[in-house]
Amino acid sequence: MQQTKRITLSLALSLLALLTLYPDPANGQAEALLKQAEELLEAWRSPQADEIASRLVRENPKSPAAFDLKARVAFYQGRYEEALRSLEQALAIESANERRQALRLLTQQTIDTVKKLKRHESAHFILFLDEDRDGILVPHVLDTLEKSYQAMGQALGYFPQAKVRVEIAPDAPTFKAISDLSLRDIEETGAVGICKFNKIMTISPRVLVQGYRWLDSLSHEYLHYAIVGLTDNKAPIWLHEGMARFYETRWRRPEPSRDGEDYLTPANRTLLAQALEKNKFVGFKKMEPSLIYLETPEEVQLAYAEAASAIDFIIHRRGQAGIRDLLSELVKRPTPEAIEKVLGTSFASFETGLREFLKGKGLKEIEGSRVRKLKVKGNQKEDEETVELKEIQSIVARNRTHLGDQLWERGRIIAATQEYQRALQASPHSPIILNKLARVLIQRENHKEALPYLKKAQTLEPDHVGTYVQLGRLYHATKNYSEARIVLEEAIQINPFNPTIYRLLSEIYGASGEQDQAKKAKSTLDRLMRAR
């Protein structure tokens, strides 16, 4: 989730505010330096901006504007204590400045958060997270980001010189404090990560009831980071979000699937099919300044699908080189002119061509697919089963599922199976009911009967972690260890805090002769059980 235009506007306003703080001593050079520094900082070229800020502080030691700039540069470089000191110096000179006070609050909140986090490093990334609660994430985070670094470097030709800073918030209030994303942003628009202030920020998957594709999200935010670097932060939101969605799985799928549409989930396909039928799209203009301002989860996901399809369209027209050329052109000219330069057509024709491109895909609604809403855990741990029941739209199916759950908890497996089957008749496309039915069938060792239900659930909702865990149990029980390993390792990409994953993996690795992997899985399992 990127907020490029919002940042641009904020910095532009900050620049105007800073310039007014100079008493205009015909100091045109200072004003020019301020503008240059703001542009560099906006493009995340903080070392060059730092040189200018240091010079302005030396030459204008009583200017709050110079200290503001110095603070902002330090903040973008992760030197939060230094940023706070510069802000205090600026406030000592002039305290009545709301922007300065807001930045001071953000800086203090960030300091309070980060001082509790442990630092980890890889070749190209610096990671901060809560070691006690989220330490098991470290190897997965760094491995995913390094794979993204290489994959996107090869695709786009961009390799950041400095290590990229990544902060994983351990809870929703902390995430809001450092990113300014609210609970509504998380649950309604799926904004679990943001690339802002020259760093990547995400929320721990532990915080969400059913987890989320947290590793894809990290890769998604890294794409935003690369796009800023490649375009001096001049790319429009549709291009940002389109590229981030289109490429976010390349770290785990170096080659796209045969149809080349990894970026379209069943819900995305359905939303696009409906938009084509009704001729009702979000439109690129409405995506500005950020997708989080769209009204519904469906509108947000349709915007992602449109934007990612635009990237697919450009590649279809010009190949991978077309994306590189477009990013390069955006540094020199506005988006419409860059599109015309690269594709040889007007921006209006580009949008029309995109609609025709989508029509040519033959997209159809997928019955039962839906936009998944995230749920942050409350202060009192919310039961996952309760959350799932609320997601079943049919009242009859919900009631029968609830009865099935009660019977299952009492050990009445056959009766529970019958209730789940009745629930499925009332709601035949519910991944939740499909999973519950498969669970009891696996428990009864009816593996062949359970498998089609799980495959259907996986097709309808490929991000539901329960499906992968149940598939892992099924394949483990039938000694199909290769398939079990695949689905369980994918389950880690959604909810790495489920102990069943590591219990099964430790046995599978051991049976496959991978003793080191088996020990790591067992160690993670022990750590999770101790934390309970």
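Each reported figure results from applying straightforward, stated rules to the coordinates on display, with no laboratory input. Bear in mind that the values here come from a model prediction, so they are computed numbers and not experimental data. Every residue, glycine among them, receives a Cβ derived from its backbone with ideal geometry; neighbour counts consider all protein chains shown.
Assign one of three labels to the stretch 169-232, namely rounded, prolate or oblate, based on the Cα gyration tensor with a ≥ b ≥ c the square roots of its eigenvalues; rounded applies when a/c is under 1.5, prolate when it is not and a/b is larger than b/c, and oblate otherwise.
It comes out prolate by the Cα gyration axes.
Under 17 Å Cα-Cα from Lys35, which lysines qualify once same-chain neighbours fewer than 8 residues away are excluded?
Lys70, Lys234
Can you list the aspartates and glutamates whose alpha carbon sits under 14 Å from that of Lys341, skipping same-chain ones fewer than 8 residues off?
Once the sequence-local aspartates and glutamates are set aside, what remains near Lys341 is Asp325, Glu329.
Would you mind calculating the gained length between Gln515 and Thr459 on full extension (0.36 nm times residue separation, minus the Cα-Cα distance), in nm to one decimal? Write out the running numbers ahead of the final one.
Numbers: separation 56, 0.36 × 56 = 20.16 nm, distance 3.32 nm.
Contour length minus the Cα-Cα distance gives 16.8 nm.
Applying the Karplus parametrisation 6.51 cos²θ - 1.76 cosθ + 1.60 with θ = phi - 60° to the phi angles of the stretch 491-505, what ³J(HN,Hα) value in whole Hz is obtained for each residue in order, glycine and proline being reported as x?
In residue order, the calculated couplings are 4, 4, 6, 10, 9, x, 9, 8, x, 4, 4, 7, 5, 5, 5 Hz.
Using the 10 angstrom Cβ neighbour count as an exposure proxy, how do His224, His402, His124 rank, fewest first?
Details: His224 23, His402 16, His124 19.
Exposure proxy ranking, most exposed first: His402, His124, His224.
Taking N as the number of residues in the stretch 463-532, what value does Rg over Cα atoms divided by 2.2 N^0.38 Å take?
Values: Rg = 11.1 Å, N = 70, 2.2 N^0.38 = 11.1 Å.
Its radius of gyration relative to the 2.2 N^0.38 Å reference: 1.01.
Starting from the Cα gyration tensor of the stretch 179-297, take the square roots of the eigenvalues, sort them a ≥ b ≥ c, and report rounded, prolate or oblate (rounded when a/c is under 1.5, otherwise prolate if a/b is larger than b/c, else oblate). Before the final figure, lay out each step's value.
Working: a/c = 1.20, a/b = 1.17, b/c = 1.03.
Cα axes put the stretch 179-297 in the rounded bin.
What fraction of the Cα pairs in the stretch 119-359, stated in percent, has a spacing above 25 angstrom?
41
For the peptides 139-150, 191-202, 406-417, what is the packing order when you average, over each peptide's residues, the other Cβ atoms within 10 Å and list the highest mean first?
Values: 139-150: 19.0, 191-202: 25.2, 406-417: 15.2.
Sorting 139-150, 191-202, 406-417 by mean packing, highest first, produces 191-202, 139-150, 406-417.
Could you compute Rg(Cα) / (2.2 N^0.38 Å) for the stretch 383-451, with N its residue count? Write out the running numbers ahead of the final one.
On the way: Rg = 10.9 Å, N = 69, 2.2 N^0.38 = 11.0 Å.
Normalised Rg, Cα atoms only: 0.99.
Pairs Lys147/Lys361; Lys436/Lys456; Lys364/Lys455; Lys456/Lys522; Lys176/Lys280: which are spaced more than 23 Å apart, C-alpha to C-alpha? Don't skip to the end; give the middle numbers.
On the way: Lys147/Lys361 30 Å; Lys436/Lys456 13 Å; Lys364/Lys455 20 Å; Lys456/Lys522 31 Å; Lys176/Lys280 33 Å.
Too far apart for the 23 Å limit: Lys147/Lys361; Lys456/Lys522; Lys176/Lys280.
Whole number please: convex hull volume per residue of the Cα set in the chain, in Å³?
Per-residue hull volume (Cα only) is 159 Å³.
When all alpha-carbon pairs of the stretch 267-356 are counted, what percent fall beyond 21 Å?
Percent of Cα pairs beyond 21 Å in the stretch 267-356: 34.
For Lys196, go through the aspartates and glutamates and keep the ones whose alpha-carbon is under 13 Å away, minus same-chain ones fewer than eight residues off.
Within reach: Glu42, Glu167, Asp180, Glu221.
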